[in-house]
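Below is one structure, written out as structure tokens; the observations come after it.
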Amino acid sequence: LIGSLGGQVLRRACIDIKPLGIDLSVNLSPAQFWDAHLADQISAILADTGFPADRLELEITESYLLGRPQAAAAIMADLRTLGIRLALDDFGTGFASIGYLQSFKFDRLKIDKLFVKEAMGCASGRDLLVAIVALAQALGLRITAEGVETEDQAALARAAGCHWLQGWLFGRPMPLSQLLQESSLRRGTQK
């Protein structure tokens, strides 16, 4: 049922997020990713909701790519033709090679929270975080550090060169009503 459920969640998110004018990022489960009708399903959802494809980013983990790289590349190409961005989620937790990063042409690399945490503890951890960022920059990828929970972690990730930061420091899961309220408050203060 994950394919149907995932489609319903994406549809609802597109409807709810569209008026806010912000981007939407959605994780794909393996069952969704390998569904032969994934691109058609997403295309229909975008058409039905009027959500702009260039505001949608789908997150894929490394493990999806390893078993059948050519089939994964074909699925990703189908998604790209819709104008959707693709992110490699939880980078560093699987076994993807630098060659995979080059051949799959992701738009974003999301550095797993483990590397942010380890960077706080020792110089070699910081060096590794900087090296991952340098690799992503060399490939022309946007870079997100996941799992940022403290100001010190945020400062370290920024200093390493991460473009975006994600984690509880910036917000926790919340109901749509609260997101709408906070969004309207922010717009009110920006005028």
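The values are calculated or read from the model by the stated rules, or taken from the named source; none is laboratory data. Only a predicted model underlies this, so the values are computations on that prediction, with no experimental measurement involved. FYI the Cβ positions are ideal-geometry reconstructions off the backbone, even for glycines, and counts take in every protein chain you see. Accessible surface is based on the protein model in full, side chains and every heavy atom, while ligands, DNA and RNA are left aside. Shrake-Rupley method; radii C 1.70, N 1.55, O 1.52, S 1.80 Å.
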Item to check | In region 148-174, the residues that are under 16 Å from SER25 (Cβ atoms), out of contact with any helix residue (DSSP H, G or I) (no Cβ under 7 Å at 6 or more places or on another chain) and of a type in the set (A, V, I, L, M) | outcome: MET174
Checklist outcome for this item: Here the residues within region 37-54 that are closer than 17 Å to PHE106 by Cβ and open to solvent by 40 Å² or more (accessible area, probe 1.4 Å) are ASP54
Item to check | Residues (open to solvent by less than 70 Å² (accessible area, probe 1.4 Å), in contact (Cβ under 8 Å) with a residue 12 or more places away in the chain and in a helix (DSSP H, G or I)) located in region 118-147 | outcome: ALA119, LEU129, ILE132, VAL133, ALA134, LEU135, ALA136
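Count, please, the residues in region 148-170 that happen to be in a helix (DSSP H, G or I) and open to solvent by less than 20 Å² (accessible area, probe 1.4 Å). Talk me through it step by step, then tell me what you get.
Pass one, region 148-170, residues in a helix (DSSP H, G or I): 151-160.
Then keep just the ones that are open to solvent by less than 20 Å² (accessible area, probe 1.4 Å); that gives 154, 157, 160.
Matching residues across region 148-170 total 3.
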Checklist entry - Can you tell me how many residues in region 77-104 are of a type outside the set (S, T, N, Q) and under 25 Å from GLY147 (Cβ atoms)? => result 16
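To keep it simple, each residue is scored yes or no on (1) polar (S, T, N, Q); (2) touching a strand residue (DSSP E or B) at 6+ places or on another chain (Cβ under 6 Å); (3) under 27 Å from ILE17 (Cα atoms).
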| residue | (1), (2), (3) |
| --- | --- |
| ARG80 | no, no, yes |
| TYR100 | no, no, no |
| LYS105 | no, no, yes |
| LYS110 | no, yes, yes |
| LYS113 | no, no, yes |
| GLY161 | no, no, no |
| TRP164 | no, yes, yes |
| GLN181 | yes, no, yes |
Checklist entry - at pLDDT 95 or above and surrounded by 17 or more Cβ atoms within 10 Å (Cβ to Cβ): does that describe LEU28? => result no
Checklist entry - So which residues in region 10-25 are of a type in the set (A, V, I, L, M, F, W, C), surrounded by fewer than 17 Cβ atoms within 10 Å (Cβ to Cβ) and at pLDDT 95 or above, if there are any at all? => result ILE15
